[in-house]
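Down below is the structure, laid out as structure tokens.
The values are calculated or read from the model by the stated rules, or taken from the named source; none is laboratory data. For clarity, every value in this text was computed on a predicted model and none was experimentally measured. Ideal geometry is used to build each Cβ from the backbone, glycine not excepted, and the neighbour counts take in all protein chains shown.
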Amino acid sequence: MNRKKHSFAVRWRAFRIWQELGFLPWKKAESSGVEAGGAEGEAVGNRADGKTSSRDLYKGAFDSIPFLNDDAKRTFAHLLLRPGYMIRDYIRGDHERYLAPFTSLIIFYAFFALVAALLQPVQQKEELFSPEVKLALDVNGSEADGENRIVKNTANIVERGYIYLNLDKYPEYVHTRGESALAALEGTLRSQGIPLFLGQFLLLWLAMGLVLRKRRIGMSAVAAASAYMLCQFSFFMLFALLLTFGESKSLGAFVLMALVMIDIRQWLGVSWGKSIKLSIWTGVMYALLFTLVILCVSAIVLLMASMKGA
């Protein structure tokens, strides 16, 4: 029997329906545990003709493995194809079909860290300021003008705070036993994906909570959305890692902003213009909070250095 071919418009419409609902209405009945007319205790997945399908051979084999069970695969697919709608559904109470936000974040980013470790990407030294910016700061600092010296000193403080948050990437700045221990701790946490879970999650959660406070969205809902968004970022980071053969495992700011924009539009049901505005403000608040953290770390480092010198 020839399968009926549908036009692209029909297929696209079906995809859009699935995106908004999370299922196809004409197939939802097939997902029930008991087939129509069957006994209540009958095994799920048996065909109407009594034969065993290939899926029956491995059904349930991976249910005990969080990353390979049906909930994980569904979470993975929905975060890629309907991320904002999935976040909306979970916040509204559809918890049974997906992995919990923090569970997803830990599992999926741990998998990304594992793949990154296996590929052993070329480790390149990261610099907070580009050579052009550093040259400009040096030129300005050589002048007698006090304002330029303030700019240079502020930039040096920010850079020092950033380095202390990433001492494992800057071994040339490790001079004391305490700094060596801190660098080892940061390297261990980074290899397990902890910075993304604790650092970036908290910053994104607070930034988005501040931006969406006027919409009366609870912080628990914002926390769930932030965790799922970071899971989505880890998927695309994994794609970048594989496509570049381990050379790059980060995403550009424009890509991250586009992903947040799509998520917010689908989650809140707002227009593209509104989602762009909310995404930009989220990015601005994230950058301000990140800078505040670096300045606080820098102040602590300078205080400890002055106390040690005294």
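When you scan region 136-238 for helices (runs of 4 or more DSSP H) that lie fully inside it, which ones turn up with 3 or more residues that are modelled with pLDDT under 85 and within 27 Å of T103 (Cβ to Cβ)? Step through it out loud before you land on a result.
Details: elements: 146-165, 177-191, 201-211.
Those helices (runs of 4 or more DSSP H) span 177-191.
Taking the numbered list (1) surrounded by 14 or more Cβ atoms within 10 Å (Cβ to Cβ); (2) modelled with pLDDT of 85 or more in turn, A77 passes all entries but (1). Could you tell me whether any residue of region 13-29 is part of a loop (DSSP other than H, G, I, E, B), touching a Lys or Arg at 6+ places or on another chain (Cβ under 8 Å) and at pLDDT 85 or above? Yes, region 13-29 has at least one match.
Of the residues making up region 268-306, those that are surrounded by fewer than 12 Cβ atoms within 10 Å (Cβ to Cβ) and among the aromatic types (F, W, Y) number 1.
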